[in-house]
1. Enumerate the calculated ³J(HN,Hα) couplings along segment 212-220 in order (Karplus 6.51 cos²θ - 1.76 cosθ + 1.60, θ = phi - 60°), each rounded to whole Hz, writing x wherever the residue is Gly or Pro.
2. Can you give the translational diffusion coefficient of segment 2-116 in µm²/s, computed by Stokes-Einstein from the Kirkwood radius over Cα pairs at 10 °C and 1.306 mPa s?
3. So how far apart, in nm, are the two label points at S150 and A40 if each is 7 Å from Cα heading toward Cβ?
4. Which of the lysines could be linked to K109 by a straight reach, that is with a Cα gap under 26 Å, when you skip same-chain ones fewer than 8 residues away?
5. Could you work out the helix-only [θ] at 222 nm for the chain, with each DSSP H run of four or more residues adding -39,500 (n - 2.57) and the total divided by the number of residues, to the nearest 500 deg cm²/dmol?
6. If you roll a 1.4 Å probe over the heavy atoms of the protein chains, what accessible area per residue do you get for the chain, in Å²?
7. Where does the chain land on Rg/Rh, using Cα atoms and the Kirkwood Rh?
8. When the chain is fully extended, how far beyond the present Cα-Cα distance does Q242 get from T158, taking 0.36 nm per residue of separation?
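The values are calculated or read from the model by the stated rules, or taken from the named source; none is laboratory data. Note that the structure is predicted; figures quoted are calculated from it, not measured. Every residue, glycine among them, receives a Cβ derived from its backbone with ideal geometry; neighbour counts consider all protein chains shown. Surface areas here come from the heavy atoms of the whole protein model, side chains and all, with no ligands, DNA or RNA. Shrake-Rupley method; radii C 1.70, N 1.55, O 1.52, S 1.80 Å.
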Amino acid sequence: MIPAQFDYLTPKTIDEAVGLLAQHPDEAKILAGGHSLIPAMKLRLAMPHVLIDIGRIKDLAYIREEGGQICIGAMTTHYQLESSDTLREICPLLPECAAQIGDVQVRNKGTIGGSIAHSDPAGDWPAAIIALGAEIVAVSAGGERTINASDFFVDMLTTALDPGEILREIRIARPSGRFGQSYMKVPQPASGFAVVGVAVNLTRNSGGVCQSAGVGITGVASKVYRASAVEQAITGSGLDEQTVAGAAVHATDGVSVNGDLYASEAYRRHLAQVYTRRAIEAAAACAK
């Protein structure tokens, strides 16, 4: 349970961190909250020669509105998101999701950027980020680029971040009109990770018809995914009980469902359908 030897660097700015990463492109790992990387290093599943700790970069921890977008710094902790009065009003999915992550200690130290960049197939944030259609801002020595959430999560523990890039910010369009959001999950009893987790973000028009829907599902497959068939089934409907139940049947369409000691493939598929229905119903109720 002792990590392999490594050099420990503590940049004070994002530019310094990017520069250090460029100097060690194949040897370095970025340390944010540390809840995923440190255990992997202790088990020697990860053995970076250089550890770049960005925890001292205070400019990366923020929640603010700019140009109709909610901008969240990568080092913003789960607790800061959970306790944000602003987010409870303008994007309640974020504090609702944050409140279900791990325990108090994890939420006070863990960060949204670290969680998203880790791309754990049972992580909570990826489902919310997918459902909200967020944009991920990555920075490197060559400049910045923006990655759509639907393109960001490539596979288990794999993202679209290139070598030398650091996740700097998450951007979400501020919801407007009659919108509803919900995150529901079945947690693993010890870790709190999602056996199945479903995030829903939807809007209704003045007649109560669903205009748009985003459904992100985590814990089911090798990566988080957008349940497009579910979204299509409820868009244009009045979100009545029969329609929602019929849509939820498609929660695992097109994905290879995992089976493990927490849930068999069949049971996990069933849970995905049940919790998709519940999350849509909860979001629809908020949008009335």
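1. Using θ = phi - 60°, the values come out as 8, 8, x, 10, x, 10, 10, x, 8 Hz.
2. Stokes-Einstein gives a translational diffusion coefficient of 105 µm²/s.
3. 2.7 nm
4. K12, K29, K42, K58, K185, K223
5. -8500 deg cm²/dmol
6. 45 Å²
7. Dividing the radius of gyration by the Kirkwood radius yields 0.98.
8. 26.5 nm
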